[in-house]
Amino acid sequence: MNALLWTVTVLGALLALAALAVALLAVRRCRDLYEVVSRRTARGPVLPEAGTPVPPTRVVTVDGAVVDLAERGEDERVLAFLTTDCPACEELAGGLRRALAALPAGAPRPLVVVSGGAAGRAVHVRDFAPVAHVADADGRHPLADALGVTAFPTVLVVSEGRVRRAGHGLAQAGLEAVR
């Protein structure tokens, strides 16, 4: 009887140790996955905060116009950052286009920066050119890097050389969605 009790105790202890080892491996794997995800956005702030200075940058658009962000006017300018491989960017595009078209007359022309594949960029250039300046890049655009934009879509409202409002959608950036 003692041998049976001893065997059950040892097997129970081994089973408990195996369960503990599996739990520790699961925790380690979760931590590794967390590191991968957090490293993806750890390059800087996902959204520039209100008050972040806008670098005095000259952006050349696809039609050859030069948008000089060194101009520090009081009027608000919309800067939008989209990528071609972003489902949220595709969802935002129609509403953003309508919101930009509805901006008051005399407002500085918005700037839409599109990164990604050539075919997708061409679609965005075609769609946004009537309502905004459009700049594009194969990879990350230098303006996005300069402002610390690491998540897409991002919509910024800037004036007097500073970010006034920022968001991943129209409402967060203070733009009304026009139907």
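Odds and ends about this structure:
- Calculated Cα extents along the principal axes in Å (choose from [x] 94, 33, 30; [y] 43, 41, 31; [z] 76, 54, 22), label: [x]
- Rounded FRET efficiency, nearest 0.05, which uses the C-beta distance separating Arg98 from Leu24 and R0 of 45 Å: 0.30
- When cysteine pairs in the chain are screened for C-beta atoms closer than 4.7 angstrom, the residues that find no partner are Cys30.
- Placing unit charges on the Cβ atoms of the charged side chains and taking the dipole of the chain about its Cα centre, the candidate lying farthest along the positive direction among Thr61, Gly51, Gly106 is Gly51.
- Cα-based helix-to-principal-axis angle, 87-101 vs the chain, degrees rounded to 10: 20
- Note: relative contact order over the chain, using C-alpha pairs below 8 Å and six or more positions apart, is 29 percent.
- Dipole-positive endmost among Gly161, Gly174, Thr150 within the stretch 118-179 (Cβ charges, Cα centre): Gly174
- Cα-centred dipole magnitude for the chain, charges only on beta-carbon of K, R (+1) and D, E (-1), debye, nearest 20: 400
- Mean separation of Cα contacts under 8 Å (6+ apart) over length of the stretch 69-139, as relative contact order %: 36
- Radius 12 Å from Cβ of Asp136, net charge of other residues (Lys, Arg +1; Asp, Glu -1): +1
- Computed [θ] at 222 nm, helices only, for the chain once each DSSP H run of length n ≥ 4 contributes -39500 (n - 2.57): -13500 deg cm²/dmol
- The angle between the Cα long axis of helix 118-128 and the main principal axis of the chain comes to about 50°, on a 0 to 90 degree scale.
- Label positions at Arg72 and Glu160, each projected 7 Å from the Cα along the C-beta direction, are separated by 1.0 nm.
- Ranked by the mean number of other Cβ atoms within 10 Å of their residues, highest first, the peptides 77-90, 14-27, 100-113 come out as 77-90, 100-113, 14-27.
- On Cα atoms only, tilt of 2-41 relative to the major axis of the chain in degrees: 10
No value in this document is a laboratory result; all are computed from the given coordinates. Just so we're clear, the structure is a prediction, and the values are computed from it rather than from any experiment. Here the Cβ is made from the backbone with ideal geometry for all residues, glycine too, and neighbour counts use every protein chain on show.
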